[in-house]
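Report on the structure given below.
The values are calculated or read from the model by the stated rules, or taken from the named source; none is laboratory data. Fair warning: this is a prediction, and the values are worked out from it, not measured in the lab. All Cβ positions, even for glycine, are placed from backbone atoms using ideal geometry, and neighbour counts span all protein chains on display. Remember, those area values only see protein heavy atoms, side chains included, never the ligands or the DNA or RNA. Shrake-Rupley method; radii C 1.70, N 1.55, O 1.52, S 1.80 Å.
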Amino acid sequence: MSASLHPVSPGCGVEVRGVELARLSNSDLSLIRDAFHEHGVIFLRDQTFTKDDHLAFARRWGEIVINEHFPELADTPEIAVVIKEADQKTNIGGGWHADHSYDPAPALGSILVARDVPECGGDTMFAHLARAFDTLSDGLKANLRSLRALHSSRQIYGPGGAYEGTDLKQVLKADGALSDAMHPVVIRHPETGREVLYVNPAHTIRFEGWTREESLPLLNHLYAHATKPDFTCRHRWTPGCVAMWDNRSTWHHALNDYQGQRREMHRITIAGTALDAA
Ligand code: OGA
Ligand code: MN
């Protein structure tokens, strides 16, 4: 069977068909890499993908990063378990974010495998931040290129953060290190060379030299722009579906609309590099 590409929406995401990830040729890896860079997130359905296949595929992209907060698969700390039990209310990733933007060298991307999914619900939304940046006015783009922004994991994982007092808190590692980092607001994508808007609602605190109150109106304007249907797609999971997203050029949002049902996903995070201004 030969590989073929099927965009999920004109703005974001592509489904790759005719590829078995567990037996991936170098030429199909190169096709997947190009699709990943152009569309921001790739989806492959009906994969027979053991945890060893998951680890081997991840290592073809780079080093694996162990998440500070997520529970780990028994005996395999490289695989984070993104789980919500049927009686649990709060999910992981239930708001727009880019993984690990609070790290000085944010993760290149994440590879998520659906192990147990609700019959309906639990979709994930994705947004393409290079396309979102391209469609801002020239005046706003020029201003944004001169800014940097502070990111932190504290808003979500820290004391008083979003997960405090929720039933997700006890699922997360108790002693995960918190992290802060300053990044350019417009980065030059390390692989594609494209300009990308690099702030996100979950982890960006404020612009450098601005207060949080001063930063929020502009941040909220950018967030509303980036989440327009033009730059987003909605992905429906099926068991054995694998998604890999580019963490520098996309955001994602795990919808929490399946109360009373169980969902279990396995994630490997790939190390990235420090990000340069455009
Ligand atoms: C993640 C995450 C999305 C999902 O694993 O980083 O945000 O749909 N998960 O589970
Ligand atoms: Mn995430």
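Helices in the chain, meaning DSSP H runs of at least 4 residues, each add -39500 (n - 2.57). Divided by all residues, the mean residue ellipticity at 222 nm is -6000 deg cm²/dmol. Taking the charge dipole of the range 161-278 about its Cα centre, with +1 at Lys and Arg Cβ atoms and -1 at Asp and Glu Cβ atoms, the residue from 270, 242, 205 reaching farthest to the positive side is 242. Using the alpha carbons alone, the radius of gyration of the range 1-129 stands to its Kirkwood radius in an Rg to Rh ratio of 0.94. Computed on the range 165-244, the Cα convex hull volume stands at 204 Å³ per residue. In the range 153-278, Cα pairs under 8 Å separated by at least six residues give a relative contact order of 31 percent. If the elastic network links every pair of Cα atoms under 10 Å, which of 130, 162, 58 fluctuates the most in the Gaussian network model of the chain? Looking only at 130, 162, 58, the biggest GNM fluctuation is shown by 162.
Taking a ≥ b ≥ c as the square roots of the eigenvalues of the Cα gyration tensor of the range 105-251, is the shape rounded (a/c under 1.5), prolate (a/b larger than b/c) or oblate? Note, shape of the range 105-251 comes out oblate.
Assign one of three labels to the range 61-111, namely rounded, prolate or oblate, based on the Cα gyration tensor with a ≥ b ≥ c the square roots of its eigenvalues; rounded applies when a/c is under 1.5, prolate when it is not and a/b is larger than b/c, and oblate otherwise. In terms of gyration-tensor shape, oblate. The alpha carbons of the chain give a radius of gyration and a Dmax of 17.9, 55 Å, in that order. Residue order by solvent-accessible surface for 210, 96 is 210, 96, largest first, with ligands and nucleic acids left out and a 1.4 Å probe.
Sparse packing (at most 16 other Cβ atoms within 10 Å of the Cβ) combined with a DSSP loop state is found for the following trypsin sites (Lys or Arg not before Pro) in the range 23-107: 45, 60, 89. Could you please state how large a percent of the accessible area of the range 1-65 is carbon and sulfur, counting protein chains only and using a 1.4 Å probe? Carbon and sulfur together cover 47 percent of it. Geometric descriptor of the range 9-69, per residue, is 122 Å³ (volume of the convex hull of the Cα atoms). What shape does the range 118-185 have by the C-alpha gyration tensor, where a ≥ b ≥ c are the square roots of the eigenvalues, rounded means a/c under 1.5, and otherwise prolate means a/b greater than b/c and oblate the rest? It comes out oblate by the Cα gyration axes. In the range 121-165, taking the dipole from charged Cβ atoms about the Cα centre, the farthest positive-side position among 136, 156, 146 is held by 146.
With the whole protein complex present, residue 112 retains an accessible surface near 10 Å², based on a 1.4 Å probe. For the chain, set up a Gaussian network in which alpha carbons nearer than 10 Å are linked by springs, and say which option among 201, 217, 71 fluctuates the most. Largest GNM mean-square fluctuation: 217. Ordered by solvent-accessible area of protein heavy atoms (1.4 Å probe), largest first, the residues 263, 154 come out as 154, 263. Summed over the residues of the range 97-200 and divided among them, the accessible surface reaches 38 Å² per residue at a probe radius of 1.4 Å. Using the Karplus relation 6.51 cos²θ - 1.76 cosθ + 1.60 with θ = phi - 60°, the per-residue 3J(HN,Hα) values for the range 85-90 come to 6, 4, 9, 9, 9, 9 Hz, with x marking Gly and Pro. Only protein heavy atoms count here; on that basis, with a 1.4 Å probe, residue 135 has an accessible area of about 80 Å².
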